[in-house]
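> Can you keep this structure in mind? I'll have questions shortly.
The values are calculated or read from the model by the stated rules, or taken from the named source; none is laboratory data. None of these values were measured; they are calculated from a predicted model. Reconstructed Cβ throughout: ideal geometry from the backbone, glycine too, with neighbour counts over all protein chains shown. Side chains included, ligands, DNA and RNA excluded: accessible areas come from the protein's heavy atoms. Shrake-Rupley method; radii C 1.70, N 1.55, O 1.52, S 1.80 Å.
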Amino acid sequence: MTRYAQHCPVTGAAEVLEQPWTLLIIRELLHGGTTPPELADGLPGLSRGLLVKRLRQLADLGLVTLSRSGDTLRHCTLTEAGRALDTVVEALGRWGRRRLPPPRPDDLDPGFLLYDIARGIDLAQLPAAPVSVHFRFGETPGQRWWWLALSAEAATVTAEDPRLPIAAQVECTPSALASAWLGRTSWLDAVRDRTIRFTGSRDAVRSAVAWLGTSRYCEPAAPPW
């Protein structure tokens, strides 16, 4: 941990939160992750060893409570002090969305983007019978076809056809999808400009756009249609 040797409370907070991955681990805990595998889903690129190390550091600071089975870390939850960082993470997310440039193309992984979208979907809006939304991505290496499998119980992303009725098909680039979801452009403008192309009935497209919604870090917006 970098030590700045200053009295300012911002200094102490920076010493804790500026360590690589620490703030993102807290973000995942705030989003509901409670086990190392769940946290890892939202932290591609982070090794299991470093994840456990950071969780232990957070526990030593009183921000996280850890549960073990023998030597194996099984469960982790934020303490009251850790949960109080929710406003910090929220403010950083909103500031970054408003003040920083859009994500670079090489920052955009279609699977992880859809994962982030899926966990923000309001399950109460979904139909009683399970359906899927099929995505076809252009201008990206690797896997180009993805599905969101949607039901009243869960919204999940998969690279394999879930064999569910397709409510709508979406063709776009990861950049176009990120732009609409992050609120840098409206869904309606993206559809009008054909940077995002939906296939399906008008009602199905409206429903799909409502399900996808926008990032939690967007300002509240009017309905897209």
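> With Cα extents along the principal axes in Å defined as stated, name the option among [x] 51, 43, 34; [y] 50, 36, 34; [z] 59, 41, 33 computed from the structure displayed.
Identified label for the calculated read-out: [z].
> Over the alpha-carbon set of region 40-100, divide Rg by the Kirkwood Rh and report the Rg/Rh ratio to two decimals.
When Rh is taken as the Kirkwood radius, the ratio is 1.05.
> Something else: How many percent of the accessible area of the chain is carbon or sulfur, using a 1.4 Å probe?
For the chain, the apolar C and S fraction of the accessible surface comes to 53 percent.
> Where in the chain lies the longest segment free of trypsin sites (Lys or Arg not before Pro) that are both loop residues by DSSP (not H, G, I, E, B) and have at most 11 other Cβ atoms within 10 Å?
My reading of the result: 4-162 is the longest stretch.
> Enter the accessible area of H75 (Å², nearest 10), with the probe set to 1.4 Å and all protein chains included.
Surface open to solvent at H75 totals about 70 Å².
> What nm value, rounded to one decimal, do you get for the distance between L24 and R74 when each label is placed 7 Å out toward the C-beta?
Label-label distance for L24 and R74, simple model: 2.9 nm.
> Let me ask you something else. Determine the per residue accessible area of the chain with all protein chains present and a 1.4 angstrom probe, expressed in square angstrom.
56 Å²
> Another question, then. Round to the nearest 0.05 the FRET efficiency obtained for D107 and A159 when R0 = 25 Å and r is the Cβ-Cβ distance.
0.80
> Which value in nm describes the separation of the simple spin-label points at L92 and Y4, placed 7 Å from the Cα toward the beta carbon?
In this crude spin-label approximation the distance works out to 1.3 nm.
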